Amino acid sequence: KAAAEGGESVFADGFSVAETLRVSCPKAFRTLSETNRRFRSIDTINGWHLEASGPVIETWGDGSMRAIRYNELDKLPDFPS
């Protein structure tokens, strides 16, 4: 059930956030849309391992947004500083 007053969810509209970033900080947007990173999550208790790679913000050829990659379980320090 949705919160009546808001603020009780960890979800956000990733496309809206990315568009705001594109306007307010184009360099950060370019970094997140042009730099591939590895996403990985391993559960040794249940025996699963998930891995993928790609930019955090994926765009189509015309620059419009295609996907946002985010995984709360992924804490790899692999992104360039």
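Values in this text are rule-based calculations from the coordinates and carry no lab data. Everything quoted here is computed from the prediction, not taken from an experiment. Positions of Cβ are generated from backbone atoms using ideal geometry, with glycine treated the same way; all protein chains shown enter the neighbour counts.
Below, the figures for the structure above:
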| read-out | value |
| --- | --- |
| Members of the range 40-69 found to be part of a loop (DSSP other than H, G, I, E, B) and either touching a residue at least 60 places away in the same chain (Cβ under 8 Å) or among the hydrophobic types (A, V, I, L, M, F, W, C) (or both), listed by number | Ile45, Val56, Trp60 |
| Matching residues in the range 21-39 - criterion: being part of a helix (DSSP H, G or I), surrounded by 12 or more Cβ atoms within 10 Å (Cβ to Cβ) and not basic (Lys, Arg) | Leu21, Ala28, Phe29, Thr31, Leu32, Ser33 |
